[in-house]
Amino acid sequence: MADDRHDDDLADLVLRAQTGDRDAFSMAYERLYPRVWGFVSRRRRRREDVEDLVSLTFHRFLARIGSYEPRRGTVRAFVLSIAHHALIDEARARRPHVSLDEAGPLGTETTMADLLRDDELRVLRSAIARLKPDEQEVLVLRYGDGLQCNEIGVVLGLKEDAVKKRLSRLLHRLRMMIDEAIAVEAIAVKGVP
Amino acid sequence: MTIEEQLDRALRDSEPPLSIRAQHREALRQELLASFEGRPKPRRPFRRSRTVYAVAVAVALLLIGVSCAPTQYPVTIGKRIVFVVQPGDSTALPGPRAMRAVVEGVVSTAPVRVSALVERRVSALLDREGTTTLYVDVFDNGIDGELLATRLAEQVPGLLRAQRNVTPLDGRARGRLFDRFGHELHIVPVKREEVQRAREDYLSLYDRTGRAP
């Protein structure tokens, strides 16, 4: 509910910025910056890369601010969609001779393992590492970036129902993988051959 | 701890402290505000208000309503062949009943489509100077009036030198304003049954008065 109010306020600021209101743009930037920083830093480790990508995202946001329409989704989804594409473009630029399929998941080489430092979450980390890159991305968008399914849909260009189904299947698989891993560990501890 | 809670805990917190990114945040703000100032003033996108849509819908409904209003409009139901016979020739003319028989004979033998002839009426009017005007009205579905006039003139000696004129006979079709516009703009043909009804109205008037309306 608080998020909804927050999004409404943000949409209002962006609509005012569309008409040339400098202060509204400044306030919208202030509110969006932590979101964008968090989004990018979950996917890139080097601080310089994060700063560059955050800057690129906001410059693109400013260039496209006139095209934002509240009925198409939240401002948060609009901006994170821009950040998502900035990450893709950066990955392409870094590896110009490797196809996107070969390029691997966004952020897997960087922060996914770092995110799962807690020892209690070791089993979960292991399970997530076995998921496909696009499946990991959906989980990070939902639980890392805190996006709603409709917002994930905007960022990934999917329908909300498709995101819901994908998430539901992923959680089911993760539960099964964790149960299986715990059972294997229990057998190993008891020393059953 | 549910799996959602574990994921939330595992993936949520990875942001560096505010102090680390404050410098970048402020520098980027200045850059963006400079760009914001420098960009061309945005034009407010044109949005139609609800009032405009409401007026458009009302006008559309009004037009639909008006186009459904009943009306009458002229339709061609046949042809009128008028012979103006000079005084000297009028003695050779048969009477209206005999003339009707001649017309029927002509249309049954002439190369006109007899099936196209729906009804026929013949009337004669004698004026004070002795000029006789003969009206032959044929109610048809598209026969050639000129050809019929020529055949009649050949069959009746008194008509050979008569001045003749062929004009369409107009009746009143009943329908909606939409049908009228369609007919007048040659977009929608008049329904056959409407033409027949107009013809019957015309003939009924004809029979009541005994002469062409």
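The values are calculated or read from the model by the stated rules, or taken from the named source; none is laboratory data. Since we're looking at a predicted model, the values are computed, not measured. Positions of Cβ are backbone-derived with ideal geometry, glycine not excepted, and every protein chain shown enters the neighbour counts.
What to note about this one:
- Of B:Arg161, B:Arg199, all but one fail to be surrounded by fewer than 21 Cβ atoms within 10 Å (Cβ to Cβ) and either in a loop (DSSP other than H, G, I, E, B) or in contact with a strand residue (DSSP E or B) (Cβ under 8 Å, 6 or more places away or on another chain) (or both); the exception is B:Arg161.
- Of all residues making up the range B:132-145, the number that are touching a residue at least 60 places away in the same chain (Cβ under 8 Å) and surrounded by 19 or more Cβ atoms within 10 Å (Cβ to Cβ): 6
- Every pair of residues 6+ apart whose Cβ atoms lie under 7 Å, when the first sits in the range B:146-169 and is in contact (Cβ under 8 Å) with a residue 40 or more places away in the chain while the second is surrounded by fewer than 21 Cβ atoms within 10 Å (Cβ to Cβ) and among the hydroxyl-bearing types (Ser, Thr, Tyr): B:Gly158/B:Ser90; B:Pro168/B:Thr76; B:Leu169/B:Thr76
- Where helices (runs of 4 or more DSSP H) sit wholly within the range B:1-87, those with at least 2 residues that are at pLDDT 85 or above occupy B:18-38, B:50-67.
Let's see how each residue does on (1) in contact with a helix residue (DSSP H, G or I) (Cβ under 9 Å, 6 or more places away or on another chain); (2) part of a helix (DSSP H, G or I):
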{"residue": "A:Gly146", "(1), (2)": "yes, no"}
{"residue": "A:Asn150", "(1), (2)": "yes, yes"}
{"residue": "A:Val154", "(1), (2)": "yes, yes"}
{"residue": "A:Leu158", "(1), (2)": "yes, no"}
{"residue": "A:Lys165", "(1), (2)": "no, yes"}
{"residue": "A:Leu171", "(1), (2)": "yes, yes"}
{"residue": "A:Asp179", "(1), (2)": "no, yes"}
{"residue": "A:Ala183", "(1), (2)": "no, yes"}
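- Within the range A:17-43, being surrounded by fewer than 23 Cβ atoms within 10 Å (Cβ to Cβ) and outside any helix (DSSP H, G or I) holds for A:Thr19, A:Gly20, A:Asp21.
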